[in-house]
Amino acid sequence: MADNIRMDSHKLIYHPETVGRWLRGENIYPIEIEISPSGLCNHRCVFCAVDYIGYQANFLNQDVILRDIQQMSKKGLKSVICSGEGEPLLNPNMPNIANGIKSTGVDVAMSTNGALFDHDKAKACLRAFTWVRFSVASMEESSYDEIQRGKRGDLERVTENISNCVKVKKDGNLTTTLGVQCLLLPNNMEQLPYMAKSLKEIGVDYLTIKPYSQHLHSENKFEIDYSQLLDLERKIKEYETADFKIYFRANAMKKMHQRKCYTQCYGLPFMTHIDAKGNVWPCVAHIGTEEFCYGNINEDTFEEIWEGSRRQEVINKLNQLDINKVCREACRLDEINKYLNELKHPGEHVNFI
């Protein structure tokens, strides 16, 4: 696995042509989109950011999303993350969607709780994925069940499925990166060293531990002082090897409760979100707020939506909001926004390189 995964940073530095076009005021297309193959979820995690939507039985239309990704690939789209407000694998067409995206020349990845990613599904589509990230709260059953609130025995199923993916990867000589993501919470912190040890033995490529970031509309509420938890990094890092990386996102934890240094979200043109109903949103933070919906791909093509006047109207509205009040503290776009803000507002001595 490459070391340039840049878990706590951003990757816009690898897309200078697109950034340059954006600086010149051109209407660029997203480099990355996140899609929600399913609105349903088989878990009710206590940290779920989009619990307020209600886990509705909506499934992204395979033909429609592949139609638009095919067109977007010609406009600059490079990657698709299958994640969203539900569990992707509850969409019965998920393997076909993954393989279809890959066939367009666009990279595809998936975030999953792993309970449904059995051997047959892994064989059907693991090859398509650049990476798969399993969301696992603990490797100890009682804390896992308390946090993820799935079916009894799910941790055993998830552990078996992760192990199967490792085997499918090795047997097929695949390059897919297999990782596990864990939100650091008061009721799993004691189990994290054991979790690192267990995942190392299973053979995944990495474990990342990140802070909980409160969503504006989420019914779940946590107040966590991460400054008191930073010492955990040393204990967990003891299990890191050349083949098993541990990303303890201390920088993200230290940023909690800090004001943002930029006043608007410059990163919105570079990525977007399509939910299970086909609605196109600026980002996950605004899902369900109708006035911020760009449009719906079941009614118009993505190109029509992206080029249309409504999207610009939505962006104008968003630019009027106080970004420190409406956006999550550990937003995925934070590092991108810092970078773009510097490009927009360079210092006086930038020519002295």
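The values are calculated or read from the model by the stated rules, or taken from the named source; none is laboratory data. Everything numeric here is computed off the predicted structure, so don't read it as measured data. Here the Cβ is made from the backbone with ideal geometry for all residues, glycine too, and neighbour counts use every protein chain on show. Areas reflect the complete protein model, heavy atoms only, side chains present, ligands, DNA and RNA absent. Shrake-Rupley method; radii C 1.70, N 1.55, O 1.52, S 1.80 Å.
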Within the chain, percent of DSSP bridges classed antiparallel, to nearest 5: 15 percent
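State to the nearest 20 debye the size of the charge dipole of the chain about its Cα centre, where the only charges are +1 on K and R beta carbons and -1 on D and E beta carbons. If you can, show how the numbers build up before the last one.
Numbers: 43 positive and 48 negative charges, 121 e Å.
Roughly 580 debye, rounded to the nearest 20.
With r defined as the distance between the Cβ atoms of E26 and D171 and R0 fixed at 56 Å, what FRET efficiency is calculated, to the nearest 0.05?
Values: r = 45 Å, r/R0 = 0.81.
That pair, E26 with D171, gives E of 0.80.
Just to verify a number: FRET efficiency for R152 and N351, C-beta to C-beta distance, R0 = 56 Å, to 0.05? Mind dumping the intermediate values first?
Values: r = 64 Å, r/R0 = 1.14.
Efficiency computed from Cβ-Cβ geometry: 0.30.
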Computed helical MRE - 222 nm, the chain, DSSP H runs ≥ 4 contributing -39500 (n - 2.57), nearest 500: -9000 deg cm²/dmol
Cα-based convex hull volume of segment 81-230 per residue, rounded to whole Å³: 127 Å³
Cα convex hull of segment 127-216 - mean projected area over all directions, nm²: 6.5 nm²
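Carbon and sulfur atoms: what percent of the 1.4 Å accessible area of the chain do they account for? If you can, show how the numbers build up before the last one.
On the way: 7740 of 16740 Å².
For the chain, the apolar C and S fraction of the accessible surface comes to 46 percent.
Starting from the alpha-carbon convex hull of segment 178-238, give the projected area averaged over all orientations, in nm².
On the way: hull surface 19.5 nm².
Averaged projected area of segment 178-238's Cα convex hull equals 4.9 nm².
Using only the Cα atoms of the chain, what semi-axes does the equivalent ellipsoid have when each is the square root of 5 times a gyration tensor eigenvalue? Give whole Å, largest first.
Details: eigenvalues 185, 125, 85 Å².
Calculated on Cα positions only, the semi-axes equal 30, 25, 21 Å.
Please give me, ordered by residue number, the trypsin sites (Lys or Arg not before Pro) of segment 205-279 that lie in loop per DSSP and have at most 13 other Cβ atoms within 10 Å.
K221, R259
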Label point distance in nm, T130-N324, each placed 7 Å from Cα along Cα→Cβ: 3.4 nm
Accessible area per residue in Å² at 1.4 Å probe, computed on the chain: 47 Å²
